[in-house]
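Undergrad: Provided herewith is a single structure, encoded as structure tokens, for subsequent inquiry.
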Amino acid sequence: MFFVAWDLEGGHGFLIHTKRWPAEDDHEAHIAIYVDGVPCSAILHRSLAAGGRINDEIPELFAEPEQPWSRWRIRAEIDGAVGEGPFGFIAHKPRGDVKATLDIVLESDLPVADFNQGLSYLSDALSKTGEGKHTSAQNHYEQGGRWHGVLTIGDRRVLTSGLFVRDHSWGERVESNFDSGVFWTASSLHQGRIFCNAIGFPGAAGTVGVGILVDHSGSYVTTRVEGDFTPKPGLLSYDRSVIRYGFDDPVTLTGATKLHVPKYLPGSGARRYDNNAISHVRIGDKTGMGCLEWAAVLEPAQAETLDRLLVEES
């Protein structure tokens, strides 16, 4: 599960990414809380429990739907590390010496974006490119909306609100072949009344991808998507983004990066990272918040630095 929620103007927000890994008896959680633009974060590893509920396995994190699809309650409390780690990464240490908490509500009146068929298409299409790229079909949905609540780091407490995007995947997940990069661009606009996301694997013959836009009139899907990241895609390397959806009536989303929130994911593939560019986004006159992510792999020396820090701190 993945939650990204931000008050872009205030510089407050949070990112939570959890992954259950039954083969390793591991439930991993990246938790990063931002107040005044400063992060406090931790990466947790906890054993699996019979029920599979997040808060049964990770006592530091409570995440439950109060009304399915429309209202979630999330609480977290960590002893985290303040500031960014090497190369700007968050959750670069298992723990720190500063208490950080969140107690928030997510609300949405949009239907979820169902990516099951889209990811099946991606899996089949990538296997036919001859470029060695692949990903797995899986059960996956996404949603955008509004949030409000309280965030604290140390003795600094803020009551804040903004827009969020979230996703939920289950089943076998293969994403170990992202060497050449892939984009994921979930965005919530128009006070949470529009959600969109384009996922794309750029290649020599163009981009293999899928895009979804959801509003109150319905859900719209296209397999024609493109993404441009300026000056270049990569780690902390782009401040502008343009995402194009090839609907019959084309849609263009533009993004201006507010801050980069990269996280390291070696359990998802050797040297894997996600660079989450938390961004001001726009479609026409509709504005909002987007997580315009570029996923790829680190240089070996960068990965060695992060690996060594995680081992030393564990």
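Undergrad: Output the qualifying pairs, or none if there are none: Cβ atoms under 6 angstrom, residues six or more apart or on different chains, first residue in the stretch 229-254 and more than 15 Å from Gly290 (Cβ to Cβ), second residue modelled with pLDDT of 95 or more and exposed (fewer than 12 other Cβ atoms within 10 Å of the Cβ).
TA: Matching pairs, first to second residue: none at all.
Undergrad: Same structure again: Determine if the stretch 185-204 includes at least one residue that is at pLDDT below 95 and part of a loop (DSSP other than H, G, I, E, B).
TA: For the stretch 185-204, residues at pLDDT below 95 and part of a loop (DSSP other than H, G, I, E, B): present.
Undergrad: Something else: If you check Ser219, Ser180, Ser187, which single one turns out to be under 17 Å from the mean Cα position of the chain (by Cα) and of a type in the set (Ser, Thr, Tyr)?
TA: Numbers: Ser219 fails: under 17 Å from the mean Cα position of the chain (by Cα); Ser180 fails: under 17 Å from the mean Cα position of the chain (by Cα).
After applying the criteria, what remains is Ser187.
Undergrad: Residues being surrounded by 17 or more Cβ atoms within 10 Å (Cβ to Cβ), under 19 Å from the mean Cα position of the chain (by Cα) and of a type in the set (A, V, I, L, M): count how many of those fall in the stretch 86-105.
TA: 4
Undergrad: So is Asp124 surrounded by fewer than 21 Cβ atoms within 10 Å (Cβ to Cβ), at pLDDT 90 or above, more than 19 Å from the chain's Cα centre (by Cα) and not polar (S, T, N, Q) or not?
TA: Values: surrounded by fewer than 21 Cβ atoms within 10 Å (Cβ to Cβ): yes; at pLDDT 90 or above: no; more than 19 Å from the chain's Cα centre (by Cα): yes; not polar (S, T, N, Q): yes.
No; evaluated as a whole, the condition is false for this residue.
Undergrad: Here's something else I'd like to know. Among the listed residues Pro65, Pro39, Pro59, which satisfies the condition of being at negative phi, in a strand (DSSP E or B) and either free of Cβ contacts under 8 Å to residues at least 12 places away in the same chain or surrounded by fewer than 16 Cβ atoms within 10 Å (Cβ to Cβ) (or both)? Spell out the reasoning first.
TA: Values: Pro39 fails: either free of Cβ contacts under 8 Å to residues at least 12 places away in the same chain or surrounded by fewer than 16 Cβ atoms within 10 Å (Cβ to Cβ) (or both); Pro59 fails: in a strand (DSSP E or B).
None of the others qualify; the one that does is Pro65.
Undergrad: Looking at the stretch 277-292, is at least one residue in contact with a Gly (Cβ under 7 Å, 6 or more places away or on another chain), aliphatic (A, V, I, L, M) and on the phi > 0 side of the Ramachandran plot?
TA: No, the stretch 277-292 contains no residue that is in contact with a Gly (Cβ under 7 Å, 6 or more places away or on another chain), aliphatic (A, V, I, L, M) and on the phi > 0 side of the Ramachandran plot.
Undergrad: Same structure again: Checking the condition over 20 Å from Asp114 (Cα atoms) and either at pLDDT below 95 or surrounded by 19 or more Cβ atoms within 10 Å (Cβ to Cβ) (or both), which residue from Pro262, Pro231 passes? Talk me through it step by step, then tell me what you get.
TA: Numbers: Pro231 fails: either at pLDDT below 95 or surrounded by 19 or more Cβ atoms within 10 Å (Cβ to Cβ) (or both).
When all the criteria are applied, what remains is Pro262.
Undergrad: If you don't mind, another one. Name the residue that is surrounded by the fewest Cβ atoms within 10 Å (Cβ to Cβ), counting only residues in the stretch 198-216 that are over 20 Å from the mean Cα position of the chain (by Cα) and under 25 Å from Ser108 (Cβ atoms).
TA: Checked the stretch 198-216; the qualifying residue surrounded by the fewest Cβ atoms within 10 Å (Cβ to Cβ) is His216.
The values are calculated or read from the model by the stated rules, or taken from the named source; none is laboratory data. This structure is a prediction, so every number in the text was calculated from the model and none was measured. Here the Cβ is made from the backbone with ideal geometry for all residues, glycine too, and neighbour counts use every protein chain on show.
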